[in-house]
Structures are given as C-alpha cells and as structure tokens.
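What follows is a single structure, written as structure tokens, with notes after it.
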Amino acid sequence: MSDQLRACAPRAAEGLAAPYDALLLLSFGGPEGPDDVVPFLENVTRGRGIPRERLKEVGQHYFGFGGVSPINGQNRALLDALRKDFAEHGLDLPVYWGNRNWAPYLTDVLREMAADGRRRIAVLATSAYASYSGCRQYRENLADALARLSEEGVEELPRVDKMRHYFNHPGFVQPMIDGVLASLAELPRDVRAGARLVFTTHSIPTASADTSGPVEGHGEGGAYVRQHLDVATVIADAVRAETGTELPWDLVYQSRSGAPHIPWLEPDICDHLEALHAEDTPAVVMVPIGFVSDHMEVLYDLDTEATAKAAELGLPIARSATVGADPRFAAAVRDLLLERAAAERGEPVERCALGLLGPSHDLCAAGCCPARAPRPAAAGVDSPYA
C-alpha cells in the first residue's frame, strides 16, 4: 500500500496549490491546564443547559492528566510534520491552526488569515469520517466565524473549502495497519494467533449516524458506519496478507455522552470485552480507527477504562497506535490539498482511496449530515459564503 501511496501522491511544485494560498488545520481543541478544564467543557456543551457541577465531574478525566488535553500538543506535532513535508516537496504554502472550542480559536485565526491577505483557504478537519459532529458542525463553525468577521467589517472575507473525508486514503490507513501489526507482536506468543481485532470509534446518536453522509445513502448507520466498516475490512485484510492468519474482528464504540434515553451506537467497548471474555477469546487488539491522534478519548476510554476492564477479566490486550503526525499522513494531506486544487482549476485528477467506497465528495450536498436545527454551514453546496 505504501507503493500505491507513492504512485498516486502528486509531486508538489511551485504553483500546484493554486487557487489556494493557505491551509487551515481545524480541530476540536482542549484545555492546557487545570483552570481551563471547566471553561473548555462549557464551550463544548454551550446551549445544552448542563450544570457546572456536572461539568466538574466530567472534567475529572482531564484532571487525571494534569488538566491538559493531549490534543493540542498532537496538533502542534502535526503542524510541524505538515510544514516539513511541504518544504521538502517545494510547496510554499503557509499552514495555520484553529480550534472550535479552545485557543487558538477559529474566529481569531480566520481574522489573522484575512489580515495576512489569505483569500482562498483549504481546510483540513481532524475528523476523517462523515457525521454531524465530524463534518457539518465544523462547517457550521466556519460559517459562524465568517459571519463574525463580516459583522466586524472585514471587507473581503476569505473563501474556505473543506477537503474531502480521508478515512480511506492510503496515508491514513497504512500507519494504522502497521500499528496493528506492532500491537500483535506485543501480545504473548501463545495467544497471538487467536487474537481478535476490535476496531473502535466514537459512539454517536443512532439518529445522527442514520443521516450521516449524502441523503441517498441515509439509512441504518448511514455513511458513518459504512465508512468505518470499509476501513476495518481493509486493515483486517492487510493484516491477514502480512501474517498469513485471518483474525476475526468487530466494530465497536466508545466515549458515549448525553442523555441515557437517547439511543447511541453500540456495543460499548467495555461491554464487548466482557462478551469476548465470556466466549473465551484469548486476546484482543483495540484499534482506534475513528481517531486521528491519541487525544483524551483514546487515553482515558481505551488506555485507562478499557485496559482496566481487560485486566479485571484477565484478558490479554494491546492498543494500536493512531496516525498522529506520521509522515505518511502529512504526505496524504499534501496529496488531498493538491488533488482539490487541481479539481478547482478544472483539471482531471486521480483520487487516492482504498476499500470499496471510493473517494468521498469535495462538496457536501444539501441534507448531508443534517443539523439538529437549521444553521448556515460553509464549504458546501448550500454555503452562504461561496
């Protein structure tokens, strides 16, 4: 697959990024110290009426790690990897970073970019799959930020184009394959051949999953579940090809939040580990395919809670690495950028994608991952900021 990545990734050269004059890394954000935790959670849950005392309880996950979310440090590492990759391939394009819920805030960064004269911005969201929270909500935040700049009197608003979902790009998938192989090697030799791969992703309400992706694909699980199943199949097939052993696998969910009466995707990872133990599964490799980096959901829900559950059960377990700032992922971002730039120039492009679903769309259609309540969203066919 690394050969496929090399074959389909175009070589960067001066001018190939046109019409784009900047890349924006857009992420969720996280607290940088204990005093930030509750204000950060208030940002995340604004409008939901969650009491401050409840937020303090939720914040214990962060306080257990010194009140610091790992996501900001991981984004800084990814920024360094992107800038290094761009420089090595002759791509003279500035890379900015903004967050939805903590500093550096998206609105502040877009204001800075406008002041720097950036007029056409490609946006990479640190969420690889289709869903309301993983795609449209980012687009809504972009629209909110542009509206704020317009209210402030910014005369020439930059145009923002969110790059396509990259869940099946070789540069995203290959590092995860290597992570699974490394984790298998960590297991005791006598249980390795019987290990089960447990692919994990963030649970979301089933209603949100069912309406994820374009309207024509809505239904049970929608694009969100289909995309994860496709990636899991690719990884499992690659592991079989490398090891000569076909390992059984499942897709499960983690990090559920929200009211208990609302149906969310199941099974939960800890419940699933209990079920596997009851079936005499000899070992498990947890594979967090739904996450770009080792942020709090991975460190707490998998490395802390799920690992503790496995120890309680006496079930040998390993957790494979997320993509993070892997150079292959940085190269994939460059490929996605240059692919989109060529398409915007009206040139034919070859789009890299593994699995059966093919490359995702450039522009989200109307009705794609619909909002809970109608709100403007940028970077789609229904964007008020064309």
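The values are calculated or read from the model by the stated rules, or taken from the named source; none is laboratory data. Because the structure is a prediction, the values reported are computed rather than measured. We place every Cβ from the backbone using ideal geometry, glycine too, and count neighbours over all the protein chains shown. Side chains are part of the model used for accessible areas, which takes the heavy atoms of the whole protein and leaves out ligands, DNA and RNA. Shrake-Rupley method; radii C 1.70, N 1.55, O 1.52, S 1.80 Å.
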Once the Cα gyration tensor of the stretch 30-102 is diagonalised, what are the square roots of 5 times its eigenvalues, in whole Å and ordered largest first, as equivalent ellipsoid semi-axes?
-> 33, 14, 7
GNM, the chain, Cα, under 10 Å: largest mean-square fluctuation among A278, A353, A122?
-> A278
Ratio Rg/Rh [Cα only; Rh per Kirkwood] for the stretch 138-213 | 1.23
Given the protein chains as shown and a 1.4 Å probe, how many square angstrom of Y300 are accessible, to the nearest 10?
-> 50 Å²
Among (1) 32, 26, 23; (2) 36, 22, 19; (3) 33, 26, 19, the value of semi-axes √(5λ) of the Cα gyration tensor in Å computed for this structure carries the label (3)
Once Rh is set to the Kirkwood radius over Cα pairs, what Stokes-Einstein translational diffusion coefficient, in µm²/s, holds for the stretch 202-342 at a temperature of 25 °C and a viscosity of 0.890 mPa s?
-> 145 µm²/s
So what's Rg/Rh here for the stretch 206-268, counting alpha carbon atoms and using the Kirkwood radius for Rh?
-> 1.09
What is the diffusion coefficient of the stretch 140-182 in µm²/s, taking the Kirkwood radius over Cα pairs and the Stokes-Einstein relation at 25 °C with a viscosity of 0.890 mPa s?
-> 182 µm²/s
Hydrodynamic radius by Kirkwood, which averages 1/r over all alpha carbon pairs of the stretch 334-386, in angstrom = 13.1 Å
Quick one: order W264, W249 from most to least accessible surface, probe 1.4 Å.
-> W249, W264
Provide the convex hull volume over Cα atoms per residue for the stretch 4-128, in Å³.
-> 136 Å³
Treat the stretch 275-386 as a sphere of radius equal to its Kirkwood radius over Cα pairs and apply Stokes-Einstein at 25 °C in a medium of 0.890 mPa s; give the translational diffusion coefficient in µm²/s, rounded to a whole number.
-> 135 µm²/s
Label model pair R46, E242: point-to-point distance (7 angstrom along the Cα→beta-carbon line) in nm is 4.2 nm
At a 1.4 Å probe radius, which order do C270, C368 fall into by accessible area, largest first?
-> C270, C368
Under the Karplus relation with 6.51, -1.76 and 1.60 and θ = phi - 60°, whole-Hz ³J(HN,Hα) for the stretch 131-143, x at Gly and Pro, equal 5, 4, 6, x, 9, 4, 5, 4, 5, 5, 5, 4, 5
Rg to Rh for the stretch 50-188: what is it, with Cα atoms only and Rh by Kirkwood?
-> 1.02
Under a point-charge model restricted to the Cβ atoms of Lys and Arg (+1) and Asp and Glu (-1), what is the dipole moment magnitude of the chain relative to its Cα centre, in debye to the nearest 20?
-> 580 debye
Rounded to the nearest 10 degrees, the helix 70-88 long axis (Cα) sits at an angle to the longest Cα principal axis of the chain of 60 degrees
Computed label-point distance, nm, for sites R189 and D271 using a 7 Å Cα→Cβ extension = 3.9 nm
DSSP-defined beta bridges in the chain - what % are antiparallel, rounded to 5 | 5 percent
Kindly provide the pair-distance distribution of the stretch 162-278 built from C-alpha pairs, with 10 Å bins from 0 and whole-percent values in order of increasing distance.
-> 12, 37, 35, 15, 1
Computed over the chain: longest principal axis from alpha-carbon atoms vs helix 327-344 long axis, angle to nearest 10 degrees, is 40 degrees
In deg cm²/dmol, rounded to 500, what helix-only [θ] at 222 nm does the chain give when every DSSP H run of at least 4 residues adds -39500 (n - 2.57) and the total is split over its residues?
-> -12000 deg cm²/dmol
H228 accessible area, 1.4 Å probe, all protein chains in place, Å² to nearest 10 | 0 Å²
Where trypsin sites (Lys or Arg not before Pro) fall in DSSP loop in the stretch 30-102, at most 12 other Cβ within 10 Å | R46, R48
